[in-house]
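What follows is a short report on a single structure.
The values are calculated or read from the model by the stated rules, or taken from the named source; none is laboratory data. None of these values were measured; they are calculated from a predicted model. Neighbour counts run over all protein chains shown; Cβ positions are idealised from the backbone, glycine included.
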């Protein structure tokens, strides 16, 4: 079973012009991975892949990549004028509807910025009316996951048996990276010890040690492998060495596969990323070993247990 715990679904039409000049992260990934691709091509790919009204592209993509189950999410940022409360909830409801139409394939996480005046009521609506199962945070927007506003949401989430998927690790400007430090999740875990937390990217390659040190001690703290694609394809030996150490420090059961699709899929197809992970037992550099059991756990068994799925 292959499970993707981190996919951004955009259930609306996106125009090519909206991505011109806005593919800096994808350009960075391509550079690290040693892939030559121009910004215009990336923008056209983004416009084609990101627009997914009804989730039709997502299901087709999952089938092609061999993915059995995906956690889809939205992201909210109160600083964006276009992201009114009404629009945020419209988008949350849209992905909830898609997930409810494919309960054997999808699970929906709401995107709600805790700084919103009605954030808790919004989250309650997502759970109690639309059947959503989790919450997505991008604290680099400018809020501490341990702020009083955030904790109100997380205590509700804990009570409902929900999941927090929260970005960790550095990002480029204008991200406020001090709020994405993995160490902040220590305080979060202390405050809501029964809340299941996925640290998206596990702090990303430069900061994974901080996440792993915490994950080894906090039973509710997990991590996903999104954003690791660039190093997997561009710095393969480094990727293998870091992943081996990460597993040994944090524990195999804490690591889950994720694509961060379609953001990175337009640069490195997720299908290839999955194949690379599948082949770790035979392709890893000399002195670095992975077992089939470890690969199976990372690609799906860990997430299936975490999400309560039947394998």
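How about segment 284-305: which of its residues are surrounded by fewer than 17 Cβ atoms within 10 Å (Cβ to Cβ) and either under 29 Å from residue 220 (Cβ atoms) or touching a residue at least 12 places away in the same chain (Cβ under 8 Å) (or both)?
285, 288, 289, 291, 292, 293, 296, 305
Taking residue 190 as the residue in question, decide whether it is within 20 Å of the chain's Cα centre (by Cα), at pLDDT 95 or above and over 30 Å from residue 1 (Cβ atoms).
Here the answer is no, as residue 190 does not meet what is asked.
Among the numbered conditions (1) under 24 Å from residue 43 (Cα atoms); (2) in contact with a strand residue (DSSP E or B) (Cβ under 7 Å, 6 or more places away or on another chain), tell me where residue 256 comes up short.
(1)
Among the residues of segment 74-130, which ones are in a loop (DSSP other than H, G, I, E, B) and loosely packed, with under 14 Cβ neighbours inside 10 Å?
79, 80, 81, 82, 84, 103, 104, 117, 118, 129
Here's a check for you: in segment 161-197, which residue that is over 24 Å from residue 253 (Cβ atoms) and touching a residue at least 24 places away in the same chain (Cβ under 8 Å) is surrounded by the most Cβ atoms within 10 Å (Cβ to Cβ)?
Of everything passing the filter in segment 161-197, 179 is surrounded by the most Cβ atoms within 10 Å (Cβ to Cβ).
Just wondering, is there one or more residues in segment 48-59 that are surrounded by fewer than 18 Cβ atoms within 10 Å (Cβ to Cβ), in contact with a helix residue (DSSP H, G or I) (Cβ under 8 Å, 6 or more places away or on another chain), part of a loop (DSSP other than H, G, I, E, B) and at pLDDT 95 or above?
no
Taking segment 158-181 only, how many residues are assigned to a loop (DSSP other than H, G, I, E, B) and out of contact with any strand residue (DSSP E or B) (no Cβ under 6 Å at 6 or more places or on another chain)?
11
Residue 244 versus (1) touching a residue at least 40 places away in the same chain (Cβ under 8 Å); (2) in contact with a helix residue (DSSP H, G or I) (Cβ under 7 Å, 6 or more places away or on another chain); (3) surrounded by fewer than 22 Cβ atoms within 10 Å (Cβ to Cβ): which is the lone unmet condition?
(2)
Which helices (runs of 4 or more DSSP H) sit wholly inside segment 198-273 and have at least 2 residues that are at pLDDT below 95 and closer than 25 Å to residue 48 by Cα?
none
Which condition does residue 205 not pass, out of (1) within 20 Å of residue 3 (Cα to Cα); (2) crowded, with 17+ Cβ neighbours inside 10 Å; (3) in contact with a helix residue (DSSP H, G or I) (Cβ under 6 Å, 6 or more places away or on another chain), if it passes all the others?
Result: residue 205 fails condition (1) only.
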